[in-house]
Amino acid sequence: MSAADMTALPSLSDAKTQAAALIRRKTALAFGLPAVVILYLAYIVVAFDVPGLAQRANWDNAVTLASDSWSYKTHVTRSNRDGTMTYAVEGERKGTYPEGARPDWVSGSEVIAVDLAAGEQVRLYPDNRVEIDLPDFPRIEAQIDGRRVTTNLPEALPAWISASDRRVAITAPGGRITLTGSKTEIFRYFPGWELFWFTFTSPYHGHGLPEILFGDRIDPERSNLSGAWQDFWGNPMWRHGEIAWALGETILMAFLGTMGAAIIALPLAFLAAKRFAPLMLVRMAARRLFDFVRGVDALIWTVVLARAFGPGPLTGSLAILITDTGTFGKIFSEALENVDDRQIEGVASTGAKPLQRYRFGVIPQVVPVLLAQVLYFLESNTRSATIIGAITGGGIGLMLTQAIQTQKDWEEVAYYIVLIVLMVMAMDSLSGWLRARLIGRKD
């Protein structure tokens with residue numbers, strides 16, 4: 001090896017320097033990346049006030065809401081003005097027990113005794129006097145006089161008792177008791193969704209399915225099957241018929257918005273594709289239009305359109321249509337950019353006109369992509385239509401929002417959520433089946 005070649009080779013010290021620099025870079029990367037992640041997580045904890053959120057969380061309310069979703073409560077209410085007793089599921093008039101009937105855990109005539117689930121008992125005396133026996137706690141005595149509630153409760157109260165001279169609230173393991181000047185109310189929890197099939201006013205309440213299908217006629221004026229279906233469908237508490245109509249509105253809202261957007265976006269996509277719109281000004285105008293309509297979220301369009309046209313399912317459909325027009329336009333134009341020229345040239349060689357070339361040389365190539373995207377967005381918009389319906393006043397979203405706002409019957413909220421999940425699952429299965437039939441493949 002010549003002297004010139006020797007001088008061209010890096011020296012041993014240079015090689016060591018380079019190796020050391022490489023080791024330092026790898027070490028910095030190995031230790032620097034976790035440090036960045038830790039700093040980012042620490043920033044999130046501070047910026048979103050995670051400790052404060054944990055302190056503000058009311059776990060008792062969370063447990064109550066969770067239990068209310070799979071259980072119901074029966075109210076026993078005495079008016080402290082006239083002594084009238086009322087027994088009702090969820091405290092609703094539609095769930096009131098028939099006259100002369102009451103739960104089997106309520107007994108007595110002059111003195112009404114209410115037995116709760118964990119061995120507690122509440123006794124209601126005619127002179128607006130109340131006695132409450134709770135395990136491992138002294139007997140509570142209360143006297144209601146006008147708007148004033150007088151009790152023998154000590155000054156130091158446990159957390160599950162709230163008391164003043166106007167109101168006493170006791171949350172016991174087996175139920176809850178509330179005493180006010182106007183009424184004394186006790187309610188007890190039970191698992192299940194009571195009156196889901198029939199209310200007390202239906203002659204089919206308390207009859208099982210075998211008895212309805214194969215037993216003697218229960219209602220002399222109607223056959224068992226027809227009468228049971230009418231009473232179930234028109235159930236005034238659970239409103240199955242109204243809910244089915246609301247689900248249909250939600251699906252229709254998603255369908256109209258998605259299909260309308262696809263119909264509008266397809267011809268506009270040709271204007272945004274370079275291969276079919278050589279004028280840059282036309283392409284830029286079409287693309288900026290797509291950016292504008294899809295850059296604003298569907299919920300924002302919903303609020304704007306609701307102010308302009310008023311609430312209703314059609315307003316929600318228009319919001320979906322506007323947003324998806326921009327999304328479909330971008331997707332369709334990109335698909336048009338990738339079509340094969342040979343198929344277009346083959347159609348043109350037959351003497352086809354430009355529209356015929358697009359129809360038989362372009363559309364067949366992009367149909368699988370178009371259909372796959374449209375069906376996917378139809379499934380996704382079914383979920384979005386639930387939230388949009390809560391704003392525009394249509395569909396199952398409105399009923400879900402109303403049930404949440406009442407803060408009363410969380411089993412209805414759970415029922416609506418279950419139906420929404422089943423609806424999304426059904427739309428997913430339907431879109432998969434349509435893809436298999438129309439495109440020839442299934443996800």
Quiz item: Roughly how many whole Å is it from the C-alpha centroid of the stretch 190-263 to that of the stretch 39-54?
Solution: 47 Å
Exercise. Among 385, 304, 151, flag the residue with its Cα farthest along the positive direction of the charge dipole of the chain, charges on Cβ as +1 for Lys/Arg and -1 for Asp/Glu.
Key: 304
Exercise. For the chain, give the magnitude of the charge dipole about the Cα centre (Cβ charges: +1 Lys/Arg, -1 Asp/Glu; no others), in debye to the nearest 20.
Key: 2240 debye
Quiz item: From the phi of every residue in the stretch 81-94, what ³J(HN,Hα) in whole Hz does the Karplus formula 6.51 cos²θ - 1.76 cosθ + 1.60 yield, where θ is phi - 60° and glycine or proline is x?
Solution: 8, 10, x, 5, 9, 10, 10, 8, 6, 6, x, 8, 5, 5
Quiz item: Mean Kyte-Doolittle of at least -1.0 and a Cα length of 30 Å or more along the axis: which whole DSSP H helices of the chain meet both?
Solution: 12-47, 240-272, 313-337, 363-392, 410-438
Quiz prompt | Dipole magnitude (debye, nearest 20) for the stretch 209-285, charges at Cβ of Lys, Arg, Asp, Glu | solution = 1000 debye
Quiz item: Given a 1.4 Å probe and every protein chain left where it sits, what share in percent of the accessible area of the chain is carbon and sulfur?
Solution: 63 percent
Quiz item: Using heavy-atom solvent-accessible surface (probe 1.4 Å) with all chains present, what is the largest-first order of 147, 81, 102?
Solution: 81, 147, 102
Quiz prompt | Under-30-angstrom lysine pairs by C-alpha in the chain, whenever the two are 8 or more apart or on separate chains | solution = 11
Exercise. Could you calculate the contour length gain from residue 350 to residue 263, that is, 0.36 nm times the residue separation minus the distance between their Cα atoms, to one decimal place in nm?
Key: 28.5 nm
Quiz item: With θ set to phi - 60° and the Karplus curve 6.51 cos²θ - 1.76 cosθ + 1.60, what are the ³J(HN,Hα) couplings of the stretch 168-176 in order, to the nearest whole Hz, using x for Gly and Pro?
Solution: 10, 10, 10, 9, 9, x, x, x, 10
Quiz item: R0 = 56 Å: FRET efficiency of residue 57 with residue 81, Cβ-based, nearest 0.05?
Solution: 0.90
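Looking at the chain, which longest stretch skips every one of the GluC sites (Glu not before Pro) that is in a DSSP loop with at most 16 other Cβ atoms within 10 Å, leaving the sites themselves out? Provide the component values of the computation, followed by the final result.
Working: sites that count: 92, 99, 110, 155, 221.
Of all site-free stretches, the longest is 222-443.
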Quiz item: Around residue 116, which amide H atoms from residues at least 5 apart in sequence, or from another chain, sit under 5 Å from its own amide H, with H modelled in the peptide plane?
Solution: 121, 122
Practice problem: May I ask you to compute the full-extension gain from residue 113 to residue 376, defined as 0.36 nm times their residue separation minus their alpha-carbon distance, rounded to one decimal in nm? | Solution: 88.8 nm
Quiz item: If r is the Cβ-Cβ distance from residue 337 to residue 405 and R0 is 51 Å, what FRET efficiency results, to the nearest 0.05?
Solution: 0.60
Practice problem: Read phi for every residue in the stretch 108-123 and hand back ³J(HN,Hα) as whole Hz from Karplus 6.51 cos²θ - 1.76 cosθ + 1.60, θ = phi - 60°, with x for Gly and Pro. | Solution: x, 10, 5, 10, 8, 9, 10, 8, 9, 6, 9, x, 6, 9, 10, 10
Practice problem: Collect residues whose amide H, placed 1.01 Å from N in the peptide plane, falls under 5 Å from the amide H of residue 172; neighbours closer than 5 in sequence don't count. | Solution: 177
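Rounded to the nearest 0.05, what FRET efficiency is calculated for residue 436 and residue 159 with R0 set to 51 Å and r the Cβ-Cβ distance? Before the final figure, lay out the partial values.
Details: r = 58 Å, r/R0 = 1.15.
Efficiency, from the Cβ-Cβ distance: 0.30.
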Practice problem: Just reorder 231, 82, 291 by solvent-accessible area, largest first, 1.4 Å probe, all chains present. | Solution: 82, 291, 231
Self-check item: For the stretch 178-251, with +1 on Lys and Arg beta carbons and -1 on Asp and Glu, the positive-most of 232, 220, 178 along the dipole
Solution: 178
Self-check item: From the coordinates shown, volume of the Cα convex hull per residue in Å³ corresponds to which of (i) 130; (ii) 354; (iii) 145
Solution: (ii)
Quiz item: At a probe radius of 1.4 Å, what is the per-residue accessible area of residue 195, in Å² to the nearest 10?
Solution: 10 Å²
Practice problem: Might you tell me the accessible area per residue for the stretch 129-282, computed with a 1.4 Å probe and given in Å²? | Solution: 56 Å²
Practice problem: Let me have the relative contact order for the chain, percent, based on Cα pairs under 8 Å that are six or more residues apart. | Solution: 12 percent
Quiz prompt | Largest-first ordering by accessible area, 1.4 Å probe, given options 240, 207 | solution = 207, 240
Quiz prompt | Of 87, 404, 250, farthest towards positive along the dipole that unit charges on Lys, Arg, Asp, Glu beta carbons give the chain | solution = 250
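The values are calculated or read from the model by the stated rules, or taken from the named source; none is laboratory data. What you are looking at is a predicted structure, and each value in this text was computed from that prediction instead of being measured. Note that each Cβ is placed from the backbone with ideal geometry, even for glycine, and that neighbours are counted across all protein chains shown. For accessibility, only protein heavy atoms count, side chains too; no ligands or nucleic acids. Shrake-Rupley method; radii C 1.70, N 1.55, O 1.52, S 1.80 Å.
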